[in-house]
Amino acid sequence: MLPGMRLPAPIAVLAATLALAGPVRAAAAPETARARSIADDYARARAEARSRGVPLVVDVWAPW
């Protein structure tokens with residue numbers, strides 16, 4: 001920021017709060033929350049994702 005410039009009050013308050021809050025650590029994911037890889041079995045992967053209530057990520061690629 002240039003000398004003589006002022007932040008609007010809400011932004012200044014937010015910046016001060018974040019500066020004083022310190023670093024935030026993410027909670028460790030429980031063992032059951034780890035991503036699982038299922039290759040070449042879409043039906044099984046979809047059923048497991050539904051039963052666990054998690055999104056299904058499909059990774060596709062081509063050798064060209």
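Any chance you could count how many residues in region 37-64 are surrounded by fewer than 10 Cβ atoms within 10 Å (Cβ to Cβ) and not in a loop (DSSP other than H, G, I, E, B)?
2
Name the residues in region 1-36 that are part of a helix (DSSP H, G or I), among the hydrophobic types (A, V, I, L, M, F, W, C) and either closer than 30 Å to residue 61 by Cβ or modelled with pLDDT under 75 (or both), would you? Break it down into steps so the answer makes sense when it comes.
Step one: filter region 1-36 for residues part of a helix (DSSP H, G or I), giving 9-21, 31-33.
Next cut, among the hydrophobic types (A, V, I, L, M, F, W, C) only: 9, 11-16, 18-21, 33.
Within region 1-36, 33 is the sole residue that qualifies.
The values are calculated or read from the model by the stated rules, or taken from the named source; none is laboratory data. In this text the structure is predicted, and so the values were computed from the model without any measurement. As a convention, Cβ positions derive from the backbone with ideal geometry for all residues, glycine included, and neighbour counts pool all protein chains shown.
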